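Enquirer: The structure's right below; bear with me while I get my questions together.
Bear in mind these aren't lab numbers, they're just calculated from the coordinates by the rules spelled out. This one's a predicted model, so the numbers in the text were calculated from it and none came from an experiment. Note that we place each Cβ from the backbone using ideal geometry, even for glycine, and neighbour counts take in every protein chain shown.
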């Protein structure tokens, strides 16, 4: 499938303020769908500047622009920039909207997602639960937005090794999406991917690979072969190939995923470090310990810079590097790394390492899917 053409960048003449925001919001959606995150950031920043330049900025418009800009920063791996924007959007929506408004739930879900990525699991779970309570009342028990929150909560539970609870939520979200969105939708592809990752954690690589290949086929059909989400599928399939002893296939898939990510994402993006970690694990399995150690050390530097020195993924990388140094008869160095990893996990209340240290496959809604208000009314009531 060919990628969508680039949206126009010139504003149509005589658009009302609300129309300008809707026009730019559509551009942001189109660019995000193509994986062109940096250009989408420029358009999202322009939309926010236009809203804030009006004499009396409507808080709903401003919250939507802040949400879009935050989501794009999150997609680019700029988590430290995304979080304050998400918090501003949430504060505006708490002030301007009904306590049962779906857009309030969207802000709660987005902030929860970022807290989970940054390793703050307790805060994330509380925000997800609040979002779910709103969505069940406001949207009904089968709405696709509810499925997104359920899926993200399941990812969080899986990260905490609560696999049975996560599986129930994954399967519920998948069934809802198949019914509401269709079996070939991107929403279903996302659910298949996360469920495949769960099956892998449960020790079922064959079942996981079947779901992972279904997800990859949908993503390639809907997004084209060069999209970062396709790289996510390739990475998972590479890990599954290695699990089953197919090392040559794993190397090919890891290399494809890394090439896509380096082409589409900014240097230092957490998904690039994920691919490098997978390649290091493959080199270690093949006995190429020097190459593996070089990559683990590179991943450690990237993750410390992108996620902070106390993130659980930093602990996972330290543990992998410690194991390698024990393999190469450096127990003193290994012990220092293990002690540092234990300190990080104690602080994050995560007792054990994930079987495959990797970024959670959380879903970051790039833009608001609900129609924009037709104008900028004086009152902050919901349109």
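Enquirer: Tell me the volume per residue, in Å³, of the convex hull enclosing the alpha carbons of the stretch 189-292. Before the final figure, lay out each step's value.
Expert: Numbers: hull volume 9.4 nm³, N = 104.
In the stretch 189-292, the Cα hull volume divided by residue count equals 90 Å³.
Enquirer: To the nearest 0.05, how large is the calculated FRET efficiency for residue 225 and residue 26 if R₀ is 30 Å and r is the Cβ-Cβ distance?
Expert: Computed FRET efficiency for residue 225 and residue 26 comes out at 0.75.
Enquirer: Assuming 0.36 nm per residue, please report the length gained on full extension of the stretch residue 301 to residue 45 beyond their Cα-Cα distance.
Expert: Details: separation 256, 0.36 × 256 = 92.16 nm, distance 2.98 nm.
Difference between extended and current length: 89.2 nm.
Enquirer: Quick one: order 72, 199 by neighbouring beta-carbon count within 10 Å, fewest to most.
Expert: Working: 72 28, 199 21.
Ascending Cβ contact count within 10 Å gives the list 199, 72.
Enquirer: Roughly what angle does helix 144-159 make with the longest principal axis of the chain, taking Cα atoms, 0 to 90 degrees, to the nearest 10?
Expert: For 144-159 against the chain, the angle is about 30 degrees.
Enquirer: State the extension gain, in nm to one decimal, for the chain segment bounded by residue 52 and residue 323, taking 0.36 nm per residue of separation less the distance between their alpha-carbons.
Expert: Values: separation 271, 0.36 × 271 = 97.56 nm, distance 5.22 nm.
Full extension from residue 52 to residue 323 adds 92.3 nm.
Enquirer: Multiply the residue gap between residue 291 and residue 330 by 0.36 nm, knock off their C-alpha separation, and tell me the result in nm, one decimal place. Don't skip to the answer; put the middle values down first.
Expert: Working: separation 39, 0.36 × 39 = 14.04 nm, distance 1.65 nm.
Taking 0.36 nm per residue and subtracting the Cα distance, the gain is 12.4 nm.
Enquirer: Using a Gaussian network model of the chain with C-alpha springs under 10 Å, which one of 77, 308, 140 is most mobile by mean-square fluctuation?
Expert: 140
Enquirer: Using Cβ contacts closer than 10 Å as the measure, can you line up 302, 232 from fewest to most?
Expert: On the way: 302 22, 232 25.
In order of increasing Cβ crowding within 10 Å: 302, 232.
Enquirer: While we're here: Which three lengths, in whole Å and largest first, does the stretch 97-181 cover when its Cα atoms are put on their principal axes?
Expert: Projected onto its principal axes, the Cα set of the stretch 97-181 covers 32, 29, 16 Å.
Enquirer: By count of other Cβ within 10 Å, fewest leading, how are 115, 181 ordered? Could you put the intermediate results ahead of the total?
Expert: Working: 115 22, 181 16.
Listed from fewest to most nearby Cβ atoms, that is 181, 115.
Enquirer: Using only Cα atoms, tell me the angle between helix 247-264 and the longest principal axis of the chain; keep it within 0 to 90° and round to the nearest 10.
Expert: Compared with the principal axis, the helix lies near 30 degrees.
Enquirer: By how many degrees, 0 to 90 and rounded to 10, does the Cα axis of helix 289-307 deviate from the longest principal axis of the chain?
Expert: Its long axis makes an angle of about 30 degrees.
Enquirer: What whole-number distance in Å separates the alpha-carbon centres of the stretch 77-104 and the stretch 256-334?
Expert: 33
Enquirer: What is the log10 of I(q)/I(0) for the chain, computed with the Debye formula using one identical point scatterer on each Cα and no solvent, at q = 0.07, 0.10, 0.11, 0.13 Å⁻¹?
Expert: So the normalised log intensities are -0.32, -0.65, -0.78, -1.08.
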